[in-house]
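All remarks here apply to the structure that follows.
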Amino acid sequence: MFLLLPLVLLGGETRAEEGFDNPNGGDILFWRDLPGGNCPGGGDNCHRGSPALADVNNDGKLDIVLTTGNGHIMAIRHNGSASGAVIFDVDIAPMIGMSSGSAVIASGAAVADIDKDGRVEIVVGYGADWNHNTKGGIIVLEHNGTLKPGWPNESIGKNNNDLPHSVFSSPALGDLDNDGDLEIVAGGFDKRIYAYHHNGNLMSGWTADSALLHRFPTWPNLVGSLADSTWSSPALADLNNDGYLDIIIGSDEGNFDSRWGGNSGGWNCPYQLPAGWAPGYCGGSVYAFDRFGNVLPGFPKYMLEAIQSTPAIADLNGDGNEDILIGTGTFYNTNSPSHPTNGFILSAVSASGGTVPGWATPKSVDGTIPGSPAIGNIAGDASPEVVIMSHNGGRIYAYHANGQLVAGFPMRPLARTGQSTNFDVGFGVILADYDNDGKMEIFVSQRDSITVVDGNGTQLTTKNNGADGKPAYATGGWLRNSPAVGDVDGDGKLELVVHDSRLYVYDLPNAGSEAEWGMFKQNAAGTSRVNAPGSLQQMPSELRMVRSLQNSNFGSGAMAVVNAGDLPMNYTVNTNNANSRVTVVNGSGQVPGNGSKTFTVEVRNVNTLNNGWNNLGTISIQATNSLGQPAGTATITLRIYRGNPHRTFLPISTSN
């Protein structure tokens, strides 16, 4: 559905001038003007893509990757100067067969090393989110801004100007087929979901068929296509625990009730629709596909509103399965006179398409939710919270993992001038440790500034241009995207990155170093999956060592501590219940996310042990995550053999 979402912005828009006074604001680390223009209705603040943070030039520091409304992709780094340094600035128009300055980008960039050459690539959807005479598709740049071979790829479907349809969706990058390199996933306004290999070839099974094709097998428009367009951006997670990433995305595709025949599954469209609209069709859907484009069991999940929100993924209840958090959109509430508040909900969907404990009834809010939720620990408890902001209601809602509201919410965040703004499609909540208290604070775009809210619902930034003594993080122009928070200068503390048609990087001198949802879609690869806390992978129950009689005074054995989570994990090996001759080397330390560390068990005075197997007691391992919370335990029995082991040589068979 092509509906320009209501965003009341343009009336009072101003631009920051040279020497812009930032009352009570944080220190600006650096700022720089960006390419502007080419906006509907004039002006230059039409930048819809949110910035991503990634190390583009391999110097070990985060760089800023951003897109502009007039078709530029830029990478900018901190170099100690007042304006930063441009790594590259590329106008993509000539690369997609258009005249310079005529391209449009509404997508944010996804950044990762997709071909495993040791350097990142930058992946962007292009095309307009309004009726515009421009091409749409996906483009990939190398780390230096040059075009990657095999790209761009134009959308298959055409718009009213007979040009390839736009890709508003911000791509996701992940290894779908477990071959070691990354695939590219995005949705288009041409109703198609695309999954490409890094070389630009479509994956087998893509573009995916609509689930409605089984019900209406003679409808050719459902082959390789959904029934409606896609504003949502994809998330990637292993929903069915088969070891492969799956694709989760919202869609404007609704469902047909029994008036259309076939098995409607009890679906009913209650709306009074405008004259000329087909009765009995309504809603939106959440799709989950496997790597071959097959719809996973339990999906799609149909809802009584279009889905423009981008899903956020996390294991909310600790059952080992991922859960999907997603909001509803803005179509039927503005186009159906009988629309009640069916779209004013935040839903949690299990990996199998069912309900999540505490979320069996979707959470009702005060407006539509085309923006995207974030997941992180704002309350300082043992579980993450889900944070979302309503579009026309203008309030932030925060829920514990069990579905209960966090104390202090909902609350209405205000811009530095005391006003509020709609939270549109493409916006997302950002979570980062603003005050170094070990908990995440909430960052949202509000008019021409970034508002920061504590985990108890207290606003930490000014509402009256600094008269209250609180800081302002202003831009001077209206924001149509989300900020990013990360350490771009390598000082161990977070910075705030925000841009309209000017890029501002604010120093946050009191910040911590953690950002659990530091950018739109959580990470530079755009997977929209929360980083799982450090977790001790199951370990063997026994360690066996063997020493011969000829060399038996000292024995040792090694074991690996494996972190099954994405975030760091600390471990300690305890020898209190082991024989006194046992010591442990590297018996404590930190294991990086998805990494391992090895410790060694050493046994002294083996020559005083009995011949044969000897039991040396047990060692125990305690692990904690980065918040100091328990992350697993293990008890390992130690046994050592003293004697003359026999060697057996197996025959070798060779053939030509």
Subject >> Zone residues, region 319-346, relative to Q272, backbone N less than 17 Å from point 7 Å out along Cα-to-Cβ >> reply: 332-342
Original post:
Quick one: putting +1 on the C-beta of Lys and Arg, -1 on the C-beta of Asp and Glu, what dipole do you get for the chain around its Cα centre, in Debye to the nearest 20?
Top reply: 1480
Original post:
Just how far, in whole angstrom, is region 462-535 from region 356-380 if you go by their alpha carbon centroids?
Top reply: 21
Subject >> Inter-label distance, nm, simple model (7 Å from Cα along the C-beta direction), Q404/N335 >> reply: 4.1
Subject >> Residues A560 and A382, FRET efficiency given R0 of 25 Å [Cβ-Cβ distance, rounded to 0.05] >> reply: 0.40
Subject >> Helix-only mean residue ellipticity at 222 nm for the chain, each DSSP H run of n ≥ 4 adding -39500 (n - 2.57), per residue, nearest 500 >> reply: 0 deg cm²/dmol
Subject >> Cα gyration tensor shape of region 140-217, rounded if a/c is under 1.5, else prolate or oblate by comparing a/b with b/c >> reply: oblate
Subject >> Residue-span extension gain [Y244 to D89] - 0.36 nm each, minus C-alpha spacing >> reply: 52.3 nm
**OP:** Assign unit charges at the C-beta atoms only (+1 for Lys and Arg, -1 for Asp and Glu), then state the dipole size of region 232-292 relative to its Cα centre in Debye, rounded to the nearest 20.
**Re:** 260
Original post:
Once label points are set 7 Å from the Cα along Cα→Cβ at both D435 and N160, what is their separation, rounded to one decimal in nm?
Top reply: 5.0
Subject >> Note, ³J(HN,Hα) from phi for region 157-172, Karplus 6.51, -1.76, 1.60, rounded to Hz, x at Gly and Pro >> reply: x, 10, 8, 5, 9, 6, 10, x, 4, 6, 10, 6, 4, 7, x, 10
Original post:
Counting only residues 5 or more places away or on other chains, whose amide H sits under 5 Å from the amide H of F88 once H atoms are built in the peptide plane?
Top reply: A75
Subject >> For a label point 7 Å along the Cα-to-beta-carbon line of N574, residues of region 591-629 with backbone N under 16 Å >> reply: 617-625, 629
Subject >> Relative pair counts by distance (%), Cα atoms of region 542-642, 5 Å bins >> reply: 3, 13, 24, 20, 15, 11, 8, 5, 2, 0
Original post:
Say the dipole of region 542-642 comes from +1 at the beta carbon of Lys and Arg and -1 at that of Asp and Glu; which of N611, G555, L638 then lies farthest toward its positive end?
Top reply: N611
Original post:
Stretch A467-N178 to full length: gain in nm at 0.36 nm per residue minus the Cα-Cα span?
Top reply: 98.5 nm
Original post:
Where a Cα-Cα gap under 17 Å defines reach, which lysines qualify for K597, not counting those fewer than 8 residues away within the same chain?
Top reply: none
Original post:
Any idea how far the Cα center of region 318-340 sits from the one of region 79-119, in Å?
Top reply: 33
Subject >> Zone residues, region 486-510, relative to N79, backbone N less than 18 Å from point 7 Å out along Cα-to-Cβ >> reply: 488-490, 503-505
Original post:
When the chain is fully extended, how far beyond the present Cα-Cα distance does L202 get from T637, taking 0.36 nm per residue of separation?
Top reply: 151.5 nm
Subject >> Peptides ranked, highest mean first, by Cβ atoms within 10 Å: ranges 72-79, 404-411, 499-506, 91-98 >> reply: 499-506, 72-79, 91-98, 404-411
Original post:
Between T458 and S352, what is the FRET efficiency for a Förster distance of 45 Å, r being their Cβ-Cβ separation, to the nearest 0.05?
Top reply: 0.75
Original post:
In what sequence, highest mean first, do 584-593, 604-613, 309-318, 423-432 appear when ranked by Cβ atoms within 10 angstrom?
Top reply: 423-432, 309-318, 584-593, 604-613
**OP:** Assuming a ≥ b ≥ c are the square roots of the Cα gyration tensor eigenvalues, decide whether region 61-157 counts as rounded (a/c under 1.5), prolate (otherwise, with a/b larger than b/c) or oblate.
**Re:** oblate
Subject >> FRET efficiency for E142 and T598, using Cβ-Cβ distance with R0 set to 56 Å, rounded to 0.05 >> reply: 0.95
Original post:
In nm, to one decimal, how far is the modelled label at F292 from the one at D117, with both set 7 Å along Cα→Cβ?
Top reply: 3.2
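Readers should treat all values here as calculations from the given coordinates under stated rules, not as data from a laboratory. This is a predicted model, so every value here is computed, not measured. Every residue, glycine as well, gets a Cβ built from its backbone with ideal geometry; the counts of neighbours run over all protein chains shown.
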